[in-house]
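**Q** Structure incoming, see below.
The values are calculated or read from the model by the stated rules, or taken from the named source; none is laboratory data. Being a predicted model, the structure only gives us computed values, none of them experimental. Cβ atoms come from the backbone with ideal geometry, glycine included; neighbour counts cover every protein chain shown. SASA here: full protein model, heavy atoms, side chains in, ligands and nucleic acids out. Shrake-Rupley method; radii C 1.70, N 1.55, O 1.52, S 1.80 Å.
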Amino acid sequence: MRVLSAAALAVAVAACSHKPKAPPPAPIPVLPPLVALEAVGVEGLGFKGADLAFRARVENPNPAPLSAVRVEYALDLEGRRAAQGVLPTAVAVPAAGAEGPGTGAVELPVQLRWAAVPGVAQVLAKDQEAEYALAGAVVFHTPAGDVRVPMSARGRMIVPRTPRFRVERVVLRSASPREIALELKLDVENPNAFEMPPGRVGCGLHLSGKEVVRADLVFAEPIAGGATASAVAPVKVSVLKAGKAAARLLIPFTSLDAELKGEAVFGGVPVPLDLPTSIRPGQ
């Protein structure tokens, strides 16, 4: 009898082990919240970058509160990627009630650095305004898991204006069959209301379509809003290296057409240069 009882118990245990488990409870259905960007502000604007503040209104149609836990975003300026990232947030949106959906707001601060924007010179040449496109999503933590709600907006924003350059003079100081000495003076105007940081200009002097010499001009001090700064650089042209183009400077002349081509960099922002000028004999 003891043997039979043990066998019967083993059969009963085996039968229980094969009994199907109850399915987990179904997730609570969650209606996606409504996310609408309603405001954008420029909290700081300078020659190095800008601080933007986007604000999105959130409406929760569910009978339970929801929590916004992060914001994913990408910002383009004139079709060029200017900034992107993921920002953690902690916003509790109340449950819907008799008067309608619960409401809240999600803030999205975006820091732009002009030097990081591809082709930034073309963006800053848009006469103080450039078109932006913001795309991304707000991610909510819900009883049914994370819910990602897309968002997007387009508009125009203020951008700095590029500095204005002018060749004040290129003067012939001396000439010999081996070397020609010139003096170059370049003016830079800051057309913005804010200060422009120090910078430098690297350029080549072109005669008859050929670069005959390169020059570097340093602007060591910030340039105040609306102000103009100047830099002077002595330039020596090797007649042997420059060839026929420089030989034009060895005969008497009153003025020779020339071009200054290169790049200016202020605050890490590159600006291409292509300036017509002329070379004149020194007094």
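**Q** Restricting to the range 234-245, name every residue that is in contact with a Leu (Cβ under 6 Å, 6 or more places away or on another chain) and part of a strand (DSSP E or B).
**A** Once the filter is applied, which keeps residues that are in contact with a Leu (Cβ under 6 Å, 6 or more places away or on another chain) and part of a strand (DSSP E or B), the range 234-245 yields only V235.
**Q** How many residues, within the range 128-155, are among the polar types (S, T, N, Q) and open to solvent by 20 Å² or more (accessible area, probe 1.4 Å)?
**A** Residues that pass the stated criteria total 2.
**Q** Further, regarding this structure: Hey, does the range 169-177 have a residue that's charged (D, E, K, R), on the phi < 0 side of the Ramachandran plot and surrounded by fewer than 14 Cβ atoms within 10 Å (Cβ to Cβ)?
**A** The answer is yes; a qualifying residue exists.
**Q** Considering only the range 194-241, state which residues are of a type in the set (G, A, S) and loosely packed, with under 12 Cβ neighbours inside 10 Å.
**A** Across the range 194-241, the qualifying residues are G209, A220, G226.
**Q** Looking at E59, E72, E43, can you tell me which residue is within 30 Å of G119 (Cα to Cα), at pLDDT 95 or above, assigned to a strand (DSSP E or B) and in contact with a strand residue (DSSP E or B) (Cβ under 6 Å, 6 or more places away or on another chain)?
**A** Residue meeting the stated conditions: E72.
**Q** Something else now. Condition first: farther than 24 Å from K48 by Cα and surrounded by 17 or more Cβ atoms within 10 Å (Cβ to Cβ). Can you find one or more residues in the range 116-127 that meet it?
**A** no
**Q** Sticking with this one: If you take the residues of the range 129-168 that are in contact with a strand residue (DSSP E or B) (Cβ under 6 Å, 6 or more places away or on another chain) and not in a strand (DSSP E or B), which of them is farthest from V218 (Cα to Cα)?
**A** Only one residue fits best here, namely V159.
**Q** Residues to consider are P88, P23; find the one that is open to solvent by 40 Å² or more (accessible area, probe 1.4 Å) and at pLDDT 85 or above.
**A** One residue alone meets the criteria, P88.
So that you can scan it fast, the table gives a plain yes or no per residue for (1) in contact (Cβ under 8 Å) with a residue 24 or more places away in the chain; (2) part of a strand (DSSP E or B):
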position: P191; (1), (2): yes, no
position: V201; (1), (2): yes, yes
position: V232; (1), (2): yes, yes
position: A247; (1), (2): no, no
position: L260; (1), (2): yes, yes
position: E263; (1), (2): yes, yes
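**Q** A further question on this structure: If we keep just the residues of the range 90-105 that are in contact (Cβ under 8 Å) with a residue 24 or more places away in the chain, part of a loop (DSSP other than H, G, I, E, B) and among the hydrophobic types (A, V, I, L, M, F, W, C), which is farthest from P61 (Cα to Cα)?
**A** A95
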